Amino acid sequence: MRVNFVLSEVVTGLRRNLTMTVAMILTTGISLGLMGTGLLIANMISDMKDIYYDKIQVSIYLTDDVTEEQRAAIQAKLEASPEVASVIYETKAEAYQRFQEQFSQQPALIENTPQDALPESFRVELVNPERYPVIAQEFPEGQNGVDQVRDEGDFLDRLFSLLNGARNATIAVAVVQALAALLLISNTIQLAAFNRRNETNIMRLVGASRWYTQLPFILEAAVAGLIGSMLAIGGLVVTKLLFVDKTLAGPIRSGIIPPVDWSAIITISPIIAGAGIGLAAVAAYVTLRLYVRL
Amino acid sequence: MIELQHVTKLYPASGRPALDDVSMEIDKGEFVFLIGASGSGKSTFLRLLLKEDAPTKGVVKVNDKNLNTMSKWQVPKLRRTMGCVFQDFRLLRNKTVAENIAFALEVINKPQRTIKRVVPEVLEMVGLEGKAHRLPNELSGGEQQRVAIARAFVNRPLVLLADEPTGNLDPETSQGIMLLLERINRTGTTVVMATHDYHIVDSMRRRVIELHEGVVSRDQSRGVYGVGR
């Protein structure tokens, strides 16, 4: 294979259809960027699940006038229950401290909340999170010092379904963009093949192999895919630096939202690049097979 | 070298076959004129030999290989044994004479040193040794056709197919092209030339195969263009 020949054909091809090439690169880039965002959100969701689901599944809030005996009885009952994996007791002071951390970005809220406004509670981890109703039944609300039994998993489920929705929407837009990108690639390749029909006709007649004839076109698309994926990765890096690390700095520091690590971006970069190059090359190959006689 | 057995070619859009039960044999080293009116099937015949198209019925053989059973990836190999020349030259306008010829070798992976050696040789043979670095549009029609012939011949094909190679040229220039084709034929290359040029056919006195509406109406060694032209 004459590398110089193939490469010079690729460069000529990309330059000849400059506007189409730019459009192809941009749509590919946007599509891949959204795909990367979707993957990062998916990563984030699984990190958050680790953070939250591990901590608590059921909170039992105690009334303000709970007695020492009632508290001890509840604790003993929880520790004896086969449904319970672990129990943590949280005093009013601890609850307030956690509240301060969580809302460190909203000092007004903290100022307006009295120190003892938050109830003491037992934070219970269940052996099987879905057995929440059993616990709720064992500790009827309003009796024996129990104020409220809350399934935190329920709240988390709603939170995660919101995040899952965001991820799915991002990926859906990415797919639509990818479709546009594929059609643009197909058009660009058809145009390139038309522009070079004299060369390819001669190649066909003198017996150049199919592969030799098609490779410049496929590489042309692959190079555009590579540039597009580099744009996408660049976009993700900029988003991390300017949006995630700045705007979301508070919630990340207080552990509400997991940070977007460089390692996550480094992990998905090859996926993005591979998808960009692979899809572009496959689209070009299919176009050549279906629409172009070489 | 070339063999057709009861070949019929029917294009889907047309009712009459382009070739209708055509059988013929062309031996190695022959020089054959293929004549007939437009639409008589000459181009179809050439396309079948290059396996640009497959026959509807019958067997096409080139160099003892049955093209019907040849797989797609073997087609380039077949075409490397054949050279093609056309009425419209089909040169690459942005490449020089030498580059045009080298292109045909580069794309079939010939080593650079072979290309450096054979391009000047073939240019000398077609009488264009001083014009290697000209662009096609700086040459006359006759000279451009010589470049095309050089490109077709540089890989020493077994068969040279020429589709009205003198169709765009004046009689004197055509004469020069025919001398060149004759010279190529003398090296042992089989030449099949489709033409309308009766002066040439009459003066060369070679084998003439005439097609009429897809049927071989005459096959004559040392023939002339014929009456009723």
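If you sort A:VAL134, A:VAL84 by accessible surface, 1.4 Å probe, largest first, the order is A:VAL134, A:VAL84. Taking θ as phi - 60° and the Karplus parameters 6.51, -1.76 and 1.60, the scalar couplings of segment A:242-247 work out to 8, 9, 5, 6, 9, 5 Hz in sequence order, x denoting glycine and proline. Within the straight-line cut-off of under 21 Å between alpha carbons, the lysines reachable from B:LYS131 are B:LYS95, B:LYS116, sequence neighbours fewer than 8 places apart in one chain being disregarded. Ordered from largest to smallest accessible area (heavy atoms of protein chains, 1.4 Å probe), the residues A:TRP262, B:TRP73 come out as B:TRP73, A:TRP262.
Solvent exposure of A:GLU199, expressed as accessible area, is near 20 Å², computed with a probe of 1.4 Å over the protein chains only. Think of it as helices only: each DSSP H run of n ≥ 4 in chain B is worth -39500 (n - 2.57), and spread over all residues that comes to -9500 deg cm²/dmol at 222 nm.
Computed over segment A:164-268, the quotient of the alpha carbon radius of gyration and 2.2 N^0.38 Å is 1.63. In the distance distribution for segment B:1-77, Cα-Cα pairs more than 14 Å apart total 61 percent. Counting only heavy atoms of the protein chains and using a 1.4 Å probe, A:TYR89 has close to 70 Å² of accessible surface. Across the alpha-carbon atoms of segment A:67-168, the computed radius of gyration and Dmax are 16.0, 50 angstrom.
Axis of helix A:92-102 versus longest Cα principal axis of chain A: the two differ by about 20°, to the nearest ten degrees. Of all lysines in the structure, those lying under 20 Å Cα to Cα from B:LYS57, and not within fewer than 8 positions of it along the same chain, are B:LYS9, B:LYS42, B:LYS65, B:LYS72.
When the surface is traced with a 1.4 Å probe over the full set of protein chains, B:SER43 keeps roughly 60 Å² accessible. The charge dipole of segment B:1-120, taken about its Cα centre with unit charges on the Cβ atoms of Lys, Arg (+1), Asp and Glu (-1) only, comes to about 640 debye.
Hey, what angle do you get for helix B:141-153 against the long axis of chain B, alpha-carbon based, 0 to 90 degrees rounded to 10? Result, in degrees: 80. Whole-Hz Karplus values for segment A:213-230 come out as 6, 7, 3, x, 5, 5, 5, 4, 5, 5, 5, 4, x, 5, 4, x, 6, 5 Hz, taken residue by residue from phi with 6.51 cos²θ - 1.76 cosθ + 1.60 and θ = phi - 60°; glycine and proline positions read x.
Put simply, the C-alpha atoms of chain A give a gyration tensor, and the ellipsoid matching it has half-axes of 61, 19, 13 Å, longest first. Segment A:235-266 and segment B:171-197 have Cα centres spaced 75 Å apart. Both radii are taken from the alpha-carbon atoms of the protein assembly as shown; with Rh as the Kirkwood radius, Rg/Rh is 1.32. Shape summary: segment B:92-156 maps onto an equivalent ellipsoid whose semi-axes, from the alpha-carbon gyration tensor, are 18, 12, 10 Å in decreasing order. Measuring how big chain B is from its alpha-carbon positions, Rg and Dmax come out at 17.6, 52 Å. When the charge dipole of segment B:92-156 is built from unit charges on Cβ atoms (+1 for Lys and Arg, -1 for Asp and Glu) and taken about the Cα centre, the candidate among B:GLY127, B:ALA102, B:SER140 whose Cα reaches farthest toward its positive end is B:ALA102.
A simple rule links phi to the HN-Hα coupling: the Karplus curve 6.51 cos²θ - 1.76 cosθ + 1.60 with θ = phi - 60°, which for segment B:218-225 gives 7, 9, 9, 7, 6, x, 10, 5 Hz, with x for Gly and Pro. Against chain B, whose longest principal axis comes from its Cα atoms, helix B:97-106 is set at around 70 degrees.
The values are calculated or read from the model by the stated rules, or taken from the named source; none is laboratory data. None of these values were measured; they are calculated from a predicted model. Reconstructed Cβ throughout: ideal geometry from the backbone, glycine too, with neighbour counts over all protein chains shown. Only protein heavy atoms, including side chains, enter the accessible area calculation; ligands, DNA and RNA are left aside. Shrake-Rupley method; radii C 1.70, N 1.55, O 1.52, S 1.80 Å.
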